[in-house]
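Taking it in order: structure first as structure tokens, then the write-up.
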């Protein structure tokens, strides 16, 4: 999946992680247990406003990300292609920090959707 995120209003801070390929052990473990943690190099931090270029996330670069609005809030237009689809293996997942950095590696663990998260979802229909 690719994501283009354009800030329409306000200021948006983003943190994006690029997961490293899983080790053979973590792959085998995932066959029997919940998803293994993701290991990532230190994240890329950026700040966007309506005057900056869209944030671009690809399947291999920066795809695990978080957004935080500035004090006045923010409105963001996300274009996601192809769209999320659990049956096609394109599920939306949520992660939390599994602890501090160790040796330049950040660990992220899968978690449930945060209670504070609010997202309005829509699709564009041809017609």
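The values are calculated or read from the model by the stated rules, or taken from the named source; none is laboratory data. The model shown is predicted, which means the values in this text are computed figures rather than measured ones. In this analysis, Cβ positions are derived from the backbone assuming ideal geometry, glycine residues included, and neighbour counts consider all displayed protein chains.
Contact map, the stretch 1-26: residues that are on the phi > 0 side of the Ramachandran plot and part of a strand (DSSP E or B) paired with residues that are at pLDDT 85 or above and surrounded by 17 or more Cβ atoms within 10 Å (Cβ to Cβ), Cβ distance under 8 Å, separation 6+ or inter-chain. Pairs shown: 10/74.
The rows are residues; the columns are (1) within 19 Å of residue 117 (Cα to Cα); (2) surrounded by 14 or more Cβ atoms within 10 Å (Cβ to Cβ).
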| site | (1), (2) |
| --- | --- |
| 14 | yes, yes |
| 19 | no, yes |
| 65 | yes, yes |
| 89 | no, no |
| 98 | no, yes |
